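Scroll down for the structure; my scribbles are underneath it.
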Amino acid sequence: MAAKRKPKVRENDLQGFKYFDLVFPLLERLRDVGTARDKAGNRDFFFDQYATLLLLYFFNPVVTSLRALQQASTLDKVQKLLGAPRVALGSLSEAAGVFDAEPLRDIVQELSTRALPLERGHTAEALRGLTAVDGSLLPALPRMLWALWQDDTHHAAKLHLQFDILKAVPCDATITPGASSEPDQMRLMLQAGRLYVTDRGYASYQLFRDILDAGSSFVARVKDNTAYTVDQERPLSPTDRQAGVLRDVVISKLGSDHHKDYLKQKLRLVIVVRTKPDGSSEELWLVTDRLDLPAELVGLAYKYRWTIELFFRWFKCILGCRHLISEGPNGVAIQCYIALIASLLLVLWTGCKPNKRTWEMILFYLMGWATLEEVDRHLDAQAAKSRK
């Protein structure tokens, strides 16, 4: 049986373009990217227009493929938005290799600075700058030879992400082959004023030193057989014990006697017990340079790290980034950065954490199925729910 043909994209399916106004001024700076080789001045499809088309791809469920994007470019409304004529399918394919993805990373970083913290209060102030760091694989086709991962038949790209937990937005990212080192990528992305929270895969004494040298702090999980030298045992408060804290130790050195002392300062080891989904318990050994934080907040900071895993699920399942529309490394990076920009826009538009129901309501509005008043009512209901 022949595959069912997908319906054509119609102008009535595409609404609410004015809500892209927040990002259009930032995209304008992309106009000259990739034009150096156009000596004759014949280019009529530019990076800012390509980026806008990709935003359309993420914000409209009718547009599900590169061919659907090409068809959307034939519509008068889209051409007026882009300021360009229809785009050929070949031009869309070529664009993924012609336009450098790196300027989009700058836009992700800039938009993240515009987001306001969604959490307030004493705890949010104590954990200011809390940033989760992790990587996630994006399955790739076997013919994508650059996306090295396990072996010749298993390929993947990897998204290395820094996620501002209190703002609920991505704040930086890089995209590499799946086999790339996560600690090495984090080292390249370090910023000042962050409180980085990491899992055991980032447990590197040199990386901890690099974080401190960058003007930031860390809460990092290490193995439960890590060697250390005790400087002071701290008493636990009832609140600490209620939060599952077993021990709070100031340590003068992390590592055994034969290890180099990379950190050369006092740290803390906070041991917290947690219950796993199967009902068993395990100890979390958390190392931090923040001697001022209550032990319970050290444990809470690590608990918040899970929000980056929820974001990866959102990124792949709701935004649809499991499906790559480009096979080259630069094209995959462009798609990922535009998806991160789409997620940032959602938080900036709505002022709340992204979730499936809110995403659906925004899509309904952009497709003309919901009114602005209905969107506002939904957002008010979400805000009331979050205050409970």
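Quick notes on this structure:
- Note that segment 159-166 has calculated 3J(HN,Hα) couplings of 8, 9, 10, 10, 10, 6, 5, 6 Hz, one per residue in order, obtained from phi through the Karplus relation 6.51 cos²θ - 1.76 cosθ + 1.60 (θ = phi - 60°); glycine and proline are x.
- With R₀ set to 35 Å, the beta-carbon distance separating Lys385 from His323 gives a calculated FRET efficiency near 0.65.
- The modelled label-to-label distance for the pair Leu348/Gln265, using points 7 Å beyond Cα in the direction of Cβ, is 3.4 nm.
- Packing-based order for 377-385, 186-194, using average beta carbon neighbours within 10 Å, highest first: 186-194, 377-385
- Helix-only [θ]222 nm of the chain, DSSP H runs n ≥ 4, -39500 (n - 2.57) each, per residue, nearest 500: -11000 deg cm²/dmol
- Cβ-defined net charge surrounding Ala115, 10 Å radius [Lys, Arg +1; Asp, Glu -1]: +1
- Rounded to the nearest 10 degrees, the inclination of helix 372-387 to the longest alpha-carbon principal axis of the chain is 10 degrees.
- Here the convex hull built on the C-alpha positions of segment 109-199 has a volume of 102 cubic angstrom per residue.
- Å² of accessible area per residue within the chain, as computed with a 1.4 Å probe and no ligands counted: 49
- Between the Cα long axis of helix 102-114 and the first principal axis of the chain there is an angle of about 60°, rounded to the nearest 10.
- Ellipsoid semi-axes for segment 42-111, based on the Cα gyration tensor and the rule √(5λ), read 19, 15, 12 Å when sorted largest first.
- Bridges between two residues of the chain, per DSSP, are antiparallel at a rate of about 85%.
- Multiplying the residue separation of Glu110 and Gln191 by 0.36 nm and removing their Cα-Cα distance gives an extension gain of 27.8 nm.
- Cα gyration tensor category, rounded, prolate or oblate, for segment 54-160 with a/c compared to 1.5: oblate
- Stretch gain in nm, segment Ser65-Val230, where the contour uses 0.36 nm per residue and the Cα spacing is subtracted: 53.6 nm
- Cut-off 13 Å between beta-carbons: net charge of the residues surrounding Thr131, Lys and Arg +1, Asp and Glu -1: +1
- Bins of 10 Å from zero: percent of alpha-carbon pairs in the chain: 4, 20, 28, 23, 14, 7, 2, 0
- Calculated from the alpha-carbon coordinates, segment 208-269 shows an Rg and a Dmax of 13.0, 37 Å respectively.
- The alpha-carbon of Lys385 sits under 17 angstrom from the alpha-carbons of these aspartates and glutamates, leaving out residues fewer than 8 places away in its chain: Glu119, Glu374, Asp376.
- Heavy-atom accessible surface of the chain: percent carbon and sulfur, 1.4 Å: 51
- Distribution of pairwise C-alpha distances over segment 137-187, 10 Å bins, in %: 28, 41, 24, 7, 0
- Using 0.36 nm per residue and subtracting the Cα-Cα separation, the extra length available between Arg43 and Lys303 on full extension is 88.6 nm.
The values are calculated or read from the model by the stated rules, or taken from the named source; none is laboratory data. Note that the structure is predicted; figures quoted are calculated from it, not measured. Ideal geometry is used to build each Cβ from the backbone, glycine not excepted, and the neighbour counts take in all protein chains shown. Side chains included, ligands, DNA and RNA excluded: accessible areas come from the protein's heavy atoms. Shrake-Rupley method; radii C 1.70, N 1.55, O 1.52, S 1.80 Å.
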